[in-house]
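The values are calculated or read from the model by the stated rules, or taken from the named source; none is laboratory data. Keep in mind it's a predicted model, so treat the numbers as computed, not measured. These area figures cover heavy atoms from the full protein model, side chains too; ligands, DNA and RNA do not enter into them. Shrake-Rupley method; radii C 1.70, N 1.55, O 1.52, S 1.80 Å.
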Amino acid sequence: LKPGGTFLIVNAANGRNIRSLERADEIEGITLYAGDALEEMLRSAGFKTVEIDDDAKKDRLCVKAKAPV
């Protein structure tokens, strides 16, 4: 990722909804992460700006992170 570039995660499950967790159990090797866990991972990887859109009602998650310049 270039300096100042944007990293985007869009997921149809937010890692907290029981239905999505049950579906994930059916797919070998899949791991669902909640927004706060993804934010922690991105910050520890050096991303400074992390925005989380976690729509619990619709069970989706969008995470946008900016790489440092």
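Going by amide H atoms built from the backbone, whose H comes under 5 Å of the H on ARG60, apart from near neighbours?
ASN14, ASP55
Counting heavy atoms of the protein chains only and a 1.4 Å probe, report the per residue accessible area for the chain as a whole number of Å².
Solvent-accessible surface per residue comes out at 72 Å².
If you work out percent of Cα pairs over 21 Å apart from the coordinates, which of [x] 21; [y] 29; [z] 14 do you get?
Structure-derived value, by its label: [y].
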